[in-house]
Amino acid sequence: MQLGVVLTGTGVHGAAGIGVLEELAARQTEPFAVCGMGSGAWLAALWASGRETARLREAAAQAAGMGRRLLRPDASARALLSGRRATLCDGTALAHLLGVQTGGRILALCPRRAVFLLRTPRMRMIFATQSFAVPGGSIMTVQVSAGFAARAAMAMPPFLAPMAWMGGPLLPERDTAAAARALLAMGAHRVLIVKPQPSPRRESDALELAARAMEPEHSALPQGTAVLQVPMPDEAGALNLRAADLCIEAGKKTAERELDRVFEEMGMAFCRILPFRRGD
């Protein structure tokens with residue numbers, strides 16, 4: 001049984017995926033492929049580039065240490081939604097960090113399978129580590145760096161300044177059903193969607209408000225797909241990079257508690273999940 005994992009999140013909430021991957025590793029379950037969406041794209045790029053699950057916390061600590069160079073906590077939701085470049089960062093610091101953490105690997109040379117969904121005003125773009133059948137009207141490339149793909153998948157709105165590809169604007173695709181279908185087309189048999197949930201007991205920060213305003217209407221999830229909802233700690237706002245460890249632990253504890261139920265929901269309760277390697 002080949003398991004695909006969609007890693008999602010806004011701001012620091014994306015770090016919850018590290019805890020989920022740690023629990024999968026503890027169960028000797030290596031994902032067949034991952035799809036990075038939102039800040040989950042940063043984690044997907046690290047994983048695809050070969051960083052071991054045990055070292056993903058180091059990457060989160062590096063990001064937390066850069067603090068305000070990556071995120072500006074005084075940004076307003078209005079400024080984020082209007083796309084002002086000064087609201088969070090222009091991407092230079094993040095591009096440098098991603099380049100260091102991923103080793104500047106081109107997607108086609110990454111040791112693990114991953115996919116990043118993006119869009120232009122006219123079509124869907126797919127950045128992937130290997131080619132596979134895509135729906136009509138979509139364009140795929142494997143010839144960009146993992147860092148570029150991750151940064152593009154976190155582009156404004158509401159996270160970073162927009163990026164360009166082939167002379168046109170490139171923006172993230174946030175449809176998790178489309179992400180699940182892409183992983184199934186790549187060869188996954190089941191898909192787990194990791195979805196961090198901001199705490200309802202605290203006031204949403206600007207990044208959370210902007211992300212909520214830009215949330216698309218999702219299409220129905222394909223068969224064999226399930227969502228693991230990860231409640232975020234009360235003190236973990238999306239702009240609070242210092243809360244990365246709290247988000248990681250929330251992801252791990254939720255996975256420890258809920259994965260058996262989610263696997264059963266996907267029809268995997270009695271299946272053996274093998275740690276497939278590239279080329280198998």
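The values are calculated or read from the model by the stated rules, or taken from the named source; none is laboratory data. What you see is a predicted model, and the numbers here were worked out from it, not measured in a lab. For neighbour counting, all protein chains shown are included, and Cβ atoms are generated from backbone atoms with ideal geometry for every residue, glycine included. Note: accessible area is taken over every heavy atom of the protein model, side chains too, but ligands, DNA and RNA are not part of it. Shrake-Rupley method; radii C 1.70, N 1.55, O 1.52, S 1.80 Å.
For the stretch 226-241, putting each phi into the Karplus relation 6.51 cos²θ - 1.76 cosθ + 1.60 with θ = phi - 60° gives couplings of 9, 10, 9, 8, 10, x, 8, x, 4, 8, 9, x, 4, 8, 8, 4 Hz, in residue order, rounded to whole numbers and with x for Gly and Pro. The phi torsions of the stretch 2-11, fed into the Karplus equation with coefficients 6.51, -1.76 and 1.60 and a -60° offset, translate into couplings of 9, 9, x, 10, 9, 9, 10, x, 10, x Hz, rounded to whole numbers, with Gly and Pro shown as x. Derived scalar couplings between HN and Hα for the stretch 121-134 equal x, 10, 7, 8, 9, 10, 9, 9, 7, 7, 7, 7, 5, 10 Hz in order, rounded to whole Hz, by the Karplus curve 6.51 cos²θ - 1.76 cosθ + 1.60 (θ = phi - 60°), x for Gly and Pro. The residue among 225, 64, 102 whose Cα reaches farthest toward the positive pole of the charge dipole of the chain, with charges on the beta-carbon of Lys, Arg, Asp and Glu, is 102.
Highest mobility in the GNM of the chain, judged by mean-square fluctuation with C-alpha springs under 10 Å and restricted to 260, 205, 175, is found for 260. Local charge for residue 165 was computed over the other residues whose Cβ lies under 14 Å away, with Lys and Arg +1 and Asp and Glu -1, and equals +3.
A full extension of the chain between residue 25 and residue 260 corresponds to an added length of 83.2 nm, given 0.36 nm per residue minus the alpha carbon distance. For the chain, the Cβ-based charge dipole about the Cα centre amounts to some 660 debye (Lys, Arg positive; Asp, Glu negative; other atoms uncharged). Accessible area per residue for the chain, computed on protein heavy atoms with a 1.4 Å probe, is 43 Å².
For 42, 47, 165, the ranking by accessible surface with the largest value first comes to 165, 42, 47, using a 1.4 Å probe. Amide H contacts of residue 240: 12, each under 5 Å away and 5 or more positions distant or on a separate chain (H built 1.01 Å from N in the peptide plane; Pro and chain starts excluded).
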